[in-house]
Each structure stands twice: as C-alpha cells, then as structure tokens.
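Following: one structure in structure tokens, then a few remarks.
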Amino acid sequence: MAESFKYSGNKGRGGELHQKADGKYPAMTTAQGCPVHDDQNSLRAGARGPTLMEDHIMREKIFHFDHERIPERVVHARGYGAHGYFETYDAIPELTCADLFQRKGEKTPLFARFSTVAGNKGSPDLARDVRGFAVKFYTQEGNWDLVGNNIPVFFIQDAIKFPDLVHSAKQEPDRGFPQAQTAHDNFWDFASLTPEATHMLMWAMSDRAIPRSLRFMEGFGVHTFKFINDKGEMKFVKFHWKPLAGMQSVVWNEALKINGADPDFHRRDLWNAIQNGDYPEWELGVQVFDEEFAEKFEFDVLDATKLIPEEQVPVKIIGKMVLDRVVDNFFAETEQVAFCTQNIVPGIDFTNDPLLQGRNFSYLDTQLKRLGSTNFTHLPINAPKCPFRHFQQDGHMAMHNPKGRVNYEPNSWEASDSNPRECPAHGFKSHSEPVSGEKLRYRSETFADHYSQARQFFISQSETEQEHMRDAFVFELSKVEHLPIRERVVSHLLNVDKDFARQVADGLGFHEMPAPAEAAMPTREDLPASDALSILKNAPGTFKGRKLGILVTDGFDEDILKGISKALKKEGAMHEIIAMKVGGAKSSAGNWIEAQQKIDGGPSVIYDAVAILTSKDSVEMLVNKPEARDFLSDAHAHMKFIAYTGAADPLIEACGLKNATDDGWIDLGKEKPANFVKTLGALRFWER
Ligand code: HDE
C-alpha cells in the first residue's frame with residue numbers, strides 16, 4: 001500500500017474514507033484511489049441483465065489481473081530467495097580493492113536466490129538438476145552479482161551453445177514434456193554429441209544434483225575471475241561458497257517421493273529455517289592464483305568445464321553469508337530480482353572465459369524481456385543501496401527521476417548531487433591486458449581434454465557415491481528411447497572409467513559394449529583423487545539443522561519423547577510429530593501431544609531420520625495403515641537411522657524387516673535418547 005499524501009486543511013470526505021470504511025478497515029480503492037462501494041457485484045443493467053462496459057471498477061480489476069504474470073525466467077525459473085548479509089572476516093587489500101573486502105567485520109547487505117535450472121516455475125524442488133546459487137551484494141561501490149551454481153563446472157565451453165543446451169534439457173517442443181528433468185532423448189542426444197559436457201554430466205548424475213536442503217549445498221562462481229588491488233596488480237580468482245551446516249543430499253528414490261509429498265520441500269525448508277532463527281550460513285572462499293600457475297596448470301583456467309582441485313590451490317575463507325530474513329513479497333523480491341553477471345565492482349574483473357563473456361550479454365538482455373523496462377534497476381530489490389547518479393533517463397516505468405536541468409555531460413552547470421562527474425580515483429577500471437589476434441571462430445586446443453577431470457571427479461567419490469552415479473546414469477538412460485543415444489553416452493563413459501561404463505551398460509541391459517568415443521585427447525589417469533569433491537568424505541558429523549520425524553500412537557512413552565526432544569534441542573536439530581490424526585496422540589502419562597503431520601501428510605522421506613513411538617495396544621493401527629508401513633519401509637530403504645521400542649515389533653514384522661535390523665536401528669528400550677541423537681550425526685547408515 002502506497003503512502004497517501006497528507007492533505008492539509010479540510011480533509012474532505014475522500015480523505016476520511018481512505019482512512020476508515022466501517023471504522024475498522026481502511027477503505028478499498030481502485031488503483032487510481034477512487035473508493036470502492038461494492039467489490040462483490042459488477043455493474044449491470046437490471047438484476048439479471050448484461051454487465052455494463054461502464055463498470056470501470058471491474059474492468060480495471062480484471063485488466064490488472066490479466067497482466068499479473070511476467071515471463072518466467074527462460075532457465076532457473078523455479079527459485080527461492082532470502083535476504084541477509086555478508087560479513088568480511090579480514091581485510092584483503094593486497095588481493096583486491098573491492099570495497100566490501102576492505103574492513104574486517106563489515107556487513108554488506110545481500111539477496112540470494114537458489115533455483116533449479118530446467119524446470120518451469122511450478123516444477124518440483126527435488127528434480128535432478130543443477131542448482132543456481134545467485135547472490136547480489138549491495139556494496140558501497142555498487143551491486144556485485146555473483147551468479148553461480150552448486151556445481152563448479154558447466155556443460156559447455158562457449159556461450160553460443162547455451163540455447164541448444166537449454167532447448168535440449170527443457171520439455172521437448174512437440175509434446176511439451178517431460179519438464180524439470182533431463183531423463184529424455186533430446187537432452188542425452190545433445191549431451192552425447194557434446195563431449196565437453198562429460199565432466200559436468202558426472203556431477204549432474206551425482207548426489208550434488210539432489211541436495212537435501214538449499215542450506216546444505218556448496219556454491220561456486222564457476223568461471224575464473226580477476227581480483228585487482230589498488231596498485232593495479234591482478235590475480236586470478238575462483239569463488240566458493242561453503243555451507244557451515246555441511247553438505248547433504250537425499251537418495252534418488254527419496255527425491256521422487258519428496259516431489260509428490262512436498263513439491264515445495266526446499267523452499268519450505270529455507271523459509272522454516274529462517275523463521276526459526278536457524279539462519280543458513282555459508283563461508284565465502286577464494287582460490288587465488290597468478291598467471292604463472294595458470295600457465296602451468298594442466299587445463300585452461302578459462303575453460304568452464306574444468307575446476308582447480310582444492311589440493312592444488314587451497315580455498316582461502318574470506319567471509320560469511322548469513323540469510324536472516326525471508327521476503328515480504330515473493331513476487332516483488334524473488335521473482336523481480338534481476339541478477340546480471342556484468343554487475344561487478346571496482347577490484348573485480350572478468351576474464352576471457354567465452355562462457356562468461358556470453359553471459360555478460362545475456363543477463364542484461366533477459367531482464368529487459370522479463371521485467372519489461374530498462375528501468376528494472378529502479379525496483380527496490382535491484383536498486384543499489386549506495387548513492388547512484390547518472391544521466392540515464394526516461395523509459396517505461398521510470399521511478400527515479402532526477403530533478404533539475406542537467407541531463408548531459410560535459411556541462412558547465414554548477415556541481416550538485418544531480419550533476420555527477422566521472423571518478424578516475426575509484427571508478428571501475430578494466431584491468432588492462434594485451435589482446436591481439438585474428439578475428440575467428442575457434443575453440444582453443446587448450447580446451448580439448450574432455451575426460452580427464454571427469455575421471456578425476458569419479459575417482460574422488462566414495463563407493464556409495466559412485467553407486468549413486470551409476471544408478472543415476474542407468475535411470476536417466478532407461479528413459480531414453482533411442483538405443484544409439486544410450487550407446488553414445490556409454491562410449492564417453494568408457495573414456496572416463498571402463499568399469500563404471502560397463503556397470504552402466506549392464507544396468508541398461510546392453511548385449512555388447514560400444515567402442516569408446518573418439519577422444520580429442522587421451523584421458524589422463526595420473527590426476528589424483530580430490531577428497532574435497534566428495535559429499536560423504538566431508539560429512540558434517542552432526543544432526544544440527546536436520547529434522548527427526550517421530551511417529552506416535554496412543555500410549556507412547558512420553559519420557560522417551562521428552563528425552564529425544566531435549567537432546568535434539570541441545571544439538572540444534574528439530575523434530576516433528578506424526579500421528580494418525582493431526583490432533584495428536586495420548587501419551588502413556590495421559591497427556592495429549594499435538595502432531596504437526598497426519599500420517600499420510602508426513603511420510604518419512606521428508607525427515608532425515610525417524611523414530612517410532614507406539615504401544616502394545618495401539619501398534620495395530622500402524623500395522624493396518626499402508627502409509628505407516630511405507631513410513632518405516634522407506635526409512636529403511638533410504639538408509640535412515642530408525643529408533644524404535646519393543647512395542648513397534650508388529651509393525652517391523654509387517655514391513656518384512658524383522659531380520660533386516662542393523663546398527664542403523666536403535667532400540668530406545670536399551671539406548672539413551674542422547675546417544676541416539678549422537679548417532680544421528682552420521683546422517684545416514686550407508687553400510688545398510
Ligand atoms: Fe545462466 N542465465 N546462463 N548460468 N544463470 C540465467 O538470466 C546464461 C550459466 C545462472 O536466480 C538467465 O535472469 C547463458 C552458468 C543462475 O535469477 C539467462 C549462459 C551459470 C541463474 C542466463 C549461462 C549460470 C541464471 C535466465 C551460457 C553458473 C538464475 C534468467 C553462457 C555459473 C539467476 C535470468 C536468478 C539465469 C543465461 C550459463 C547460473 C538467460 C547465456 C555457467 C544461478 O540470462
């Protein structure tokens with residue numbers, strides 16, 4: 001609601017009406033401010049007669065409604081954002097003169113938006129997909145947008161291939177499906193004809209593509225950028241976001257079920273975490289290296305299909321992002337936020353990465369289409385928070401309109417806040433670098449090795465993770481109808497790891513193996529495993545920020561529940577009660593404990609671990625309820641820790657799990673709740 005003008009003198013009837021309609025609510029008005037007398041009925045000729053064109057109130061209302069939607073993003077349409085700040089740990093003037101890194105402890109406001117790539121705006125959160133990880137820092141020297149992903153490499157090397165990549169990944173144009181998934185012919189056709197995609201495909205088929213929470217994933221700037229210090233000295237830099245809560249993913253079968261149980265799983269999780277004061281945090285790290293390193297590194301640092309292992313260039317942590325405020329209005333903020341890779345600030349610069357160069361055109365261009373005006377920077381979410389002055393003017397929906405006569409430069413008018421001049425001292429200065437060469441369309445030979453890092457990523461994974469990757473390839477390719485496409489993918493995998501390729505071929509039921517794809521360069525087998533690339537090798541070792549689902553029925557042991565609840569609180573973890581009715585269940589002590597979920601709305605897939613607290617008299621209710629049996633069977637199949645008491649035996653038997661219990665099953669008749677919660681720190685019982 002816009003601020004209304006304070007009328008002086010006589011208020012007039014309009015003024016009064018605007019403040020009070022029936023003494024309690026302010027009066028509803030049209031967009032022009034005219035008070036509305038009846039918002040239930042349109043204007044018509046006679047009680048049952050035709051509606052009149054004259055009804056300006058209805059026409060205005062419907063006209064506005066008709067235009068509520070703006071084009072969704074062509075990629076990354078499904079996203080969720082939050083406000084927060086970046087805190088600089090230590091000043092790093094020797095590396096960069098970027099203002100936000102100059103003062104220890106300084107907080108810079110920011111807005112972050114996480115997204116999936118391929119799905120449309122209403123698609124489910126747990127699609128197997130890359131996640132966008134975009135951060136807009138409102139620095140005192142302008143907005144810096146670090147528009148990254150949760151995977152440090154990309155599918156293609158040259159921006160000119162982006163429309164093809166995205167067309168192939170999105171729903172097929174004739175049938176309009178499948179959406180939000182790459183498990184279809186077009187994607188794998190394109191990918192298998194694009195050998196440079198192999199490294200990224202290994203990541204996309206890994207658990208990185210099905211994060212448990214947006215809070216539990218890493219982020220990467222992907223490209224190599226430049227840091228420039230006050231002396232004009234340049235260092236290359238790659239940006240990393242490290243989640244302080246640690247990394248965690250779900251398993252694929254779980255992802256499929258979460259999408260049905262709660263398509264908003266990730267956004268709900270982020271919203272709840274922030275509302276509960278459990279603010280998501282990431283540290284910002286930089287890999288800084290010089291030209292000498294770039295020269296001797298095995299791959300071209302301008303090639304976005306390659307990464308630099310942390311073991312070769314360590315990640316230096318320089319600050320922390322905290323997301324502490326949800327949006328007031330999803331459309332105004334999350335939907336209208338316009339990230340642009342070309343938004344950089346003095347002290348940071350681009351490199352010649354051909355993907356980055358193409359992006360610098362694309363983002364500005366797409367915002368004009370999406371937001372409809374060159375003045376999208378006037379929207380509060382996009383406007384800088386530092387002073388800004390320039391002579392750009394007019395255009396659709398211009399809201400920051402300068403006062404005064406001056407709108408050009410040079411001019412001889414008096415200096416004033418609306419008469420700015422260029423600033424040689426602090427103004428953005430491109431790092432000067434010699435450039436010469438023929439005008440040509442060309443892919444540098446230094447970009448030609450497509451398999452070595454794909455292999456390095458693969459061998460860096462734990463066995464469990466490698467199995468997940470195999471299953472993911474098999475799942476996706478099983479949805480591909482054309483055999484030659486499946487074969488072509490396996491022909492690339494043969495250049496990554498022969499055993500792995502054979503396992504995928506076996507999973508697809510191949511009768512014979514294809515020949516390895518012709519490689520521009522042979523795969524290097526000497527690159528060492530990099531533990532930093534694995535999720536499981538970097539497990540956080542705590543249940544903090546995670547959620548236990550506790551299924552209860554009447555007569556459950558309240559002391560155990562209290563014990564678990566206390567231990568979880570101490571750990572910084574949450575729990576939810578699931579019961580046969582949302583009203584809750586009556587404990588052994590005769591108290592009603594309210595539930596947050598009814599059993600069919602709270603399947604175990606939406607929890608990190610489960611506990612079954614039932615009683616001898618009421619366990620039959622669970623045995624007879626398919627959703628309760630699924631609750632337990634799924635938790636077991638998804639390698640979750642399961643706490644139970646002897647009273648749950650009939651349910652365990654009904655699920656056929658009587659002889660399947662293992663060390664991931666914790667008998668609360670024997671184990672203290674605090675020990676159970678400690679065990680949960682392992683997050684999953686992968687040995688199962
Ligand atoms: Fe994007 N990308 N992209 N992209 N991208 C967009 O901009 C594009 C690429 C990424 O939450 C679009 O505002 C081209 C890499 C994120 O609003 C568009 C190329 C990386 C987001 C666009 C790439 C990204 C986008 C669509 C190849 C990781 C969502 C809507 C050269 C480093 C930002 C929009 C948000 C969005 C173009 C490749 C990340 C069309 C041409 C590589 C996180 O401009």
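State the Kirkwood hydrodynamic radius of the range 119-224 in Å, one decimal place, computed from all pairs of distinct Cα atoms.
15.0 Å
Once amide H atoms are placed 1.01 Å from N in the peptide plane, what residues at a sequence separation of 5 or more from ALA643, or on another chain, have their amide H within under 5 Å of its amide H?
Amide H to amide H, under 5 Å and 5 or more residues apart or across chains, ALA643 pairs with VAL610, ALA611, ILE612, ILE666.
Mind ranking SER460, SER565 by accessible surface for me, highest first, 1.4 Å probe?
Working: SER460 0, SER565 40 Å².
The ordering from most to least exposed comes out as SER565, SER460.
Per residue, how much accessible area does the range 469-524 have with a 1.4 Å probe, in Å²? Please report the intermediate quantities before stating the final value.
Working: 2990 Å² over 56 residues.
Heavy-atom accessible area per residue stands at 53 Å².
Would you rank MET574, MET513 by solvent-accessible area, highest first, keeping every protein chain in place and using a 1.4 Å probe?
Ranking MET574, MET513 by accessible area, largest first, yields MET513, MET574.
Using a Förster radius of 30 Å, what is the FRET efficiency between THR29 and ASP324 based on their Cβ-Cβ separation? Nearest 0.05, please.
Working from the Cβ atoms, E equals 0.30.
When the Karplus curve 6.51 cos²θ - 1.76 cosθ + 1.60 is applied with θ = phi - 60°, which whole-Hz ³J(HN,Hα) does each residue of the range 128-143 get, with x for Gly and Pro?
Each residue of the range 128-143 in turn: 6, 6, 6, 9, x, 9, 10, 10, 9, 8, 8, 7, 6, 10, x, 7 Hz.
Mind listing the long-range amide H neighbours of VAL147? Cut-off is under 5 Å, sequence gap 5 or more, other chains count too, H placed in the peptide plane at 1.01 Å from N.
VAL135
Under 14 Å from the Cβ of VAL250, count the other residues' Cβ atoms, weight Lys and Arg +1, Asp and Glu -1, and hand me the total.
Details: positive: ARG128, ARG131, ARG208, ARG212, ARG215, LYS257, ARG546, LYS547, LYS640, ARG684; negative: ASP125, ASP129, ASP207, GLU254, ASP262, ASP269, GLU465, ASP471, ASP608, ASP634.
Net charge in that neighbourhood comes out at 0.
In nm, give the distance between the simple-model label positions of ASP278 and LYS566, each being 7 Å from the Cα along the Cα-to-Cβ direction.
2.0 nm
Would you calculate a helix-derived [θ] at 222 nm for the chain, using -39,500 (n - 2.57) for each DSSP H run of n ≥ 4 and dividing by the full residue count, to the nearest 500?
Theoretical 222 nm ellipticity from helices: -7500 deg cm²/dmol.
What share of the DSSP beta bridges in the chain is antiparallel, in percent to the nearest 5?
75 percent
Please list the radius of gyration and Dmax for the range 503-625, considering alpha-carbon atoms only, with Å as the unit.
23.6, 73
Restricting the calculation to Cα positions, tell me the Rg (one decimal) and the Dmax (whole number) of the range 79-378 in Å.
For the range 79-378, the Cα radius of gyration and maximum Cα-Cα distance read 18.7, 57 Å.
What's the magnitude of the charge dipole for the range 79-378 around its Cα centre, counting Lys and Arg as +1 and Asp and Glu as -1 at the beta-carbon? Answer in Debye, nearest 20. Intermediate values should be presented prior to the final figure.
Values: 30 positive and 43 negative charges, 150 e Å.
Using only the charged Cβ atoms, the result is roughly 720 debye.
By what distance, in whole Å, do the Cα atoms of the chain stretch along each of the three principal axes, largest value first?
Result, largest extent first: 88, 76, 56 Å.
Let me have the relative contact order for the chain, percent, based on Cα pairs under 8 Å that are six or more residues apart.
12 percent
For the range 469-524, what class follows from the C-alpha gyration tensor (a ≥ b ≥ c being the square roots of its eigenvalues): rounded when a/c is under 1.5, otherwise prolate if a/b is larger than b/c, else oblate? Working shown, then result.
Working: a/c = 1.87, a/b = 1.54, b/c = 1.22.
Note, shape of the range 469-524 comes out prolate.
Would the range 412-563 count as rounded, prolate or oblate if I go by the C-alpha gyration tensor, calling it rounded below 1.5 in a/c and otherwise prolate when a/b exceeds b/c, oblate otherwise?
Because a/c hits 1.5 or more and a/b fails to exceed b/c, the range 412-563 counts as oblate.
Cross-link list LYS104/LYS296; LYS257/LYS566; LYS226/LYS296; LYS226/LYS320; LYS136/LYS242: which exceed 24 angstrom alpha carbon to alpha carbon?
From the list (LYS104/LYS296; LYS257/LYS566; LYS226/LYS296; LYS226/LYS320; LYS136/LYS242), the Cα-Cα distance tops 24 Å for LYS104/LYS296; LYS257/LYS566.
How are the Cα pair distances of the range 574-622 distributed, in percent, across 10 Å bins from 0?
Result returned by the calculation: 24, 59, 16.
Rounded to the nearest 20 Debye, what is the dipole magnitude of the chain about its Cα centre when Lys and Arg each give +1 and Asp and Glu each give -1 at the C-beta?
My answer is approximately 2000 debye.
Of ASP617, ASP125, which has the most accessible area with a 1.4 Å probe, and how do the rest follow in descending order?
ASP617, ASP125
With a ≥ b ≥ c taken as the square roots of the eigenvalues of the C-alpha gyration tensor of the range 266-333, please select rounded if a/c is under 1.5 and otherwise prolate if a/b is larger than b/c or oblate if it is not?
Working: a/c = 3.56, a/b = 2.57, b/c = 1.39.
Verdict is prolate for the range 266-333.
Aspartates and glutamates near LYS369 by alpha-carbon distance under 16 Å, same-chain residues fewer than 8 away left out - which ones?
GLU68, GLU72, GLU335
Just how far, in whole angstrom, is the range 435-473 from the range 49-109 if you go by their alpha carbon centroids?
Measuring centre to centre over Cα atoms gives 34 Å.
Using θ = phi - 60° and the Karplus relation 6.51 cos²θ - 1.76 cosθ + 1.60, list the HN-Hα couplings for the range 677-687 in order, rounded to whole Hz, with x at every Gly or Pro.
Whole-Hz 3J(HN,Hα) from phi for the range 677-687: 5, 5, 4, 4, x, 6, 6, 9, 9, 5, 5.
How big is the accessible area of TRP271 in square angstrom, nearest 10, if you roll a 1.4 angstrom probe over the protein chains?
90 Å²
Please work out the average accessible area per residue across the range 79-378, using the 1.4 Å probe convention, and give it in Å².
About 33 Å² of surface per residue is accessible.
When the accessible area of the chain is split by element with a 1.4 Å probe, what percent falls to carbon and sulfur?
The nonpolar share, carbon plus sulfur, comes to 51 percent.
So, in nm, how far is label ARG405 from label LEU52 when the simple model puts each one 7 Å beyond its Cα toward the Cβ?
Distance between the two pseudo-spin positions: 5.2 nm.
What figure, in Å² to the nearest 10, do you get for the accessible area of ILE156 with a 1.4 Å probe and non-protein molecules left out?
0 Å²
Can you run phi through the Karplus equation (6.51, -1.76, 1.60; θ = phi - 60°) for the range 52-59 and list ³J(HN,Hα) in whole Hz, with x for Gly and Pro?
My calculation for the range 52-59 gives 8, 3, 4, 5, 5, 6, 5, 4 Hz in order.
Tally Lys/Arg at +1 and Asp/Glu at -1 over every other residue whose Cβ is under 13 Å from the Cβ of VAL582; what's the total?
-1
Which value in nm describes the separation of the simple spin-label points at GLU525 and ASN120, placed 7 Å from the Cα toward the beta carbon?
4.8 nm
Quick one: which residues, 5 or more positions from GLY319 or on another chain, have an amide H under 5 Å from its amide H? H modelled 1.01 Å from N in the peptide plane, none for Pro or chain starts.
TYR89, LEU284
PRE reach from GLN312 (point 7 Å along Cα→Cβ): which of the range 195-209 fall under 19 Å by backbone N?
196-203
Restricting to the range 539-682, compute how many DSSP beta bridges are antiparallel as a %, nearest 5.
Numbers: 2 of 21 bridges.
That works out to approximately 10 percent antiparallel.
The values are calculated or read from the model by the stated rules, or taken from the named source; none is laboratory data. Fair warning: this is a prediction, and the values are worked out from it, not measured in the lab. Glycine gets a Cβ as well: all are built from the backbone with ideal geometry, and neighbour counts include every protein chain shown. Side chains included, ligands, DNA and RNA excluded: accessible areas come from the protein's heavy atoms. Shrake-Rupley method; radii C 1.70, N 1.55, O 1.52, S 1.80 Å.
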